[in-house]
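Scroll down for the structure; my scribbles are underneath it.
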Amino acid sequence: MTSESKVRVRFAPSPTGHLHVGNARTALFNWLFARKAGGTMILRIEDTDLERSQTKYEDLLIADLKWLGLDWDEGPDVGGPYVPYRQSDRLDVYREYAEKLLNERKGYLCFCTEEELQKERERAHAEHRQPIYSGKCWNLDPEESKRRRAAGEHAAIRLRIPERPIRFHDIVHGEVEFSNEVVSDPIILRSSGIPVYNYVVVVDDALMKITHVIRGDDHLSNTPKQVALYEALGWPVPEFAHLSTILGSDRERLSKRHGATSIANFREMGVLPEALTNYLALLGWAPSGGTREIFTPAELTKEFTLERVTPSPAVFDMEKLYWLNRHYIKEAPAAKLIPLARSFFLNAGLLSDSLNISANDWFDKVIQLLVPSVDRLDQLPERAAFIFNYDAQAALTASDNAEVLALPQTNAVLSAFTTKILGDESAQAGKLAPERFKQIVNEVKAETGVKGKELFHPIRIIVTGSHSGPEFDKLVPILEEGSHLALPKHVLSVFERAQAFAKAHA
């Protein structure tokens, strides 16, 4: 094995769509492995699928990787000693090595049409054989084949698979062997001149001196063809580590039907990058000893080894991710959370772009009040609904409030509290202090003889519309201050809420 000081790994996505969590985990494991070894992390763009590849997706996947906190030492945006790092810019290189294999009789020209190949597959299926290519074009005279191609006849280039088992070592799966009888002679260069994935990935990995290929186990079946290519070209075979499949809660392969699957989805939901990175690291990998689950990137780097990656499928558990996200939200400094939270309130129409200093300070308090109760930042506007959208009639008819409203002492509490608030000068001015609010509550308690939940739950229904919610000493100043701000939706003061409730309850 190559020494750690020379470790070189790559993450090589195709820019044909959004970055999926499975690919993001692959990028993360490559990054952790490289950073622990003091090696080199490479980003390579595999865009030989010219019809589906788009520049916008390349830009998005780079942005998503950076959002996750990942960086790279070589790549299309940073350069490096093995430029270019975009496969569509390397087509001449692929053609050169394909011709080399052809000239050395390790490859051959194939003139079979798609119709002929389809008939071969159908015949193999009918005879219960592996649908591999018969290799009939291998028996053509090489010089005659070259003359036919020179005359304009379309021909692909195939690699000749050796007539022996193909073996390789996988760090996750151990020793792996494929019989040559189940590995078809693969096309490496199509008749159109466009190379295929299994070929270009080998050329790039070899020329870029990749020492460890860390990728999803959906590539395991491709590996014998690639090993055969390394051997045919006389290049050293890298170490392989094929990561387990990620499943949804139904133990089927994770897909859009399970909900969010792309990094963009999780960003839009208000999942913090620290939480997602931490969670992705735990999918198919476990730290040594204990059951610890919360790690900083530095701690993950220190702990990470490929030997602790399991071959068993990993199940993506949204609730576990949300639990981690809740932890990171609570730990995050306000200076980080406020700008992130603001976008969700802007989209909900609860804030405007032009807030003055007072409104900004007030919004900071709103966020600090609500963040302990959310799993994701996109839940904040809904959690803040009682601040911006007070509805006394809805409070009286809400099924959640029915039990409290039916208690024998509730009406006495409602009446006493609304009367005192409506008669209080500071409340009328929208300047009710927490101390005064507490004093009024104690007066209601003394007058009615009601205490505990039977006292506080009815009062909370008046103030928030629900029998549960934040502490009054934090909430009351937010309502009072918010009622004086020029916001897209007027925030009702405690007085205005009591007034609306009294009217609806009459």
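Scanning the range 89-110 for residues that are touching a strand residue (DSSP E or B) at 6+ places or on another chain (Cβ under 8 Å) and more than 19 Å from Lys225 (Cα to Cα) yields one hit, Leu91. Of the strands (runs of 3 or more DSSP E) entirely within the range 184-270, those holding at least 2 residues that are at negative phi and not hydrophobic (A, V, I, L, M, F, W, C) occupy 212-216, 239-243.
Just to be sure I understand the filter: pairs with C-beta atoms under 6 Å, separated by 6 or more residues or on different chains, first member in the range 303-322 and within 22 Å of Val7 (Cβ to Cβ), second member outside any loop (DSSP other than H, G, I, E, B) and of a type in the set (A, V, I, L, M, F, W, C). Which pairs pass? From the range 303-322, the pairs are Phe304/Leu32; Leu306/Ala241; Arg308/Trp285; Val309/Trp285. Can you find a residue in the range 135-156 that is touching a residue at least 12 places away in the same chain (Cβ under 8 Å) and in a strand (DSSP E or B)? Yes, the range 135-156 contains at least one residue that is touching a residue at least 12 places away in the same chain (Cβ under 8 Å) and in a strand (DSSP E or B).
Checking the range 142-153 against the condition returns no match, with no residue being within 24 Å of Val182 (Cβ to Cβ) and surrounded by 12 or more Cβ atoms within 10 Å (Cβ to Cβ). For the range 338-378, filtering for residues that are under 21 Å from the mean Cα position of the chain (by Cα) and closer than 18 Å to Tyr322 by Cβ leaves 8. Say we look at the range 39-57 and pick out the residues that are out of contact with any Phe, Trp or Tyr (no Cβ under 8 Å at 6 or more places or on another chain) and either in contact (Cβ under 8 Å) with a residue 60 or more places away in the chain or assigned to a loop (DSSP other than H, G, I, E, B) (or both); which of these is surrounded by the fewest Cβ atoms within 10 Å (Cβ to Cβ)? The qualifying residue surrounded by the fewest Cβ atoms within 10 Å (Cβ to Cβ) is Glu51. Among the residues of the range 117-131, is there at least one that is under 25 Å from Ser14 (Cβ atoms) and of a type in the set (A, V, I, L, M, F, W, C)? Yes, that holds for at least one residue. Can you tell me which residue within the range 183-202, out of those that are more than 14 Å from Tyr97 (Cβ to Cβ) and of a type in the set (S, T, N, Q), is surrounded by the fewest Cβ atoms within 10 Å (Cβ to Cβ)? Per the stated criteria, the residue is Ser192. The test for being modelled with pLDDT of 95 or more, assigned to a helix (DSSP H, G or I) and closer than 19 Å to Pro186 by Cα does not hold for Leu65.
Answer yes or no as to whether Ala412 is in contact with a Ser or Thr (Cβ under 6 Å, 6 or more places away or on another chain) and of a type outside the set (Val, Ile, Thr).
Details: in contact with a Ser or Thr (Cβ under 6 Å, 6 or more places away or on another chain): yes; of a type outside the set (Val, Ile, Thr): yes.
Here the answer is yes, as Ala412 does meet what is asked.
Of all the listed residues (Ala446, Ala498, Ala504, Ala402), the sole one being surrounded by 17 or more Cβ atoms within 10 Å (Cβ to Cβ) and assigned to a helix (DSSP H, G or I) is Ala498. On inspection, Leu159 qualifies as surrounded by 12 or more Cβ atoms within 10 Å (Cβ to Cβ), closer than 26 Å to Ser179 by Cβ and in contact with a Leu (Cβ under 7 Å, 6 or more places away or on another chain). Condition (residue is of a type in the set (A, V, I, L, M, F, W, C), within 23 Å of Gly17 (Cβ to Cβ) and within 23 Å of the chain's Cα centre (by Cα)) applied to the range 71-85: is it met by at least one residue? Yes, there is a match, as at least one residue in the range 71-85 is of a type in the set (A, V, I, L, M, F, W, C), within 23 Å of Gly17 (Cβ to Cβ) and within 23 Å of the chain's Cα centre (by Cα).
A count restricted to the range 58-78 and to residues that are touching a residue at least 40 places away in the same chain (Cβ under 8 Å), over 22 Å from Leu243 (Cβ atoms) and surrounded by fewer than 19 Cβ atoms within 10 Å (Cβ to Cβ) stands at 1. If you go through the range 425-442 one residue at a time, do you hit one that is of a type outside the set (D, E, K, R), at pLDDT 95 or above, more than 30 Å from Ser358 (Cβ to Cβ) and in contact with an Asp or Glu (Cβ under 7 Å, 6 or more places away or on another chain)? No, the range 425-442 contains no residue that is of a type outside the set (D, E, K, R), at pLDDT 95 or above, more than 30 Å from Ser358 (Cβ to Cβ) and in contact with an Asp or Glu (Cβ under 7 Å, 6 or more places away or on another chain).
The values are calculated or read from the model by the stated rules, or taken from the named source; none is laboratory data. Small disclaimer: the values here were computed from a predicted structure and weren't measured. Neighbour counts run over all protein chains shown; Cβ positions are idealised from the backbone, glycine included.
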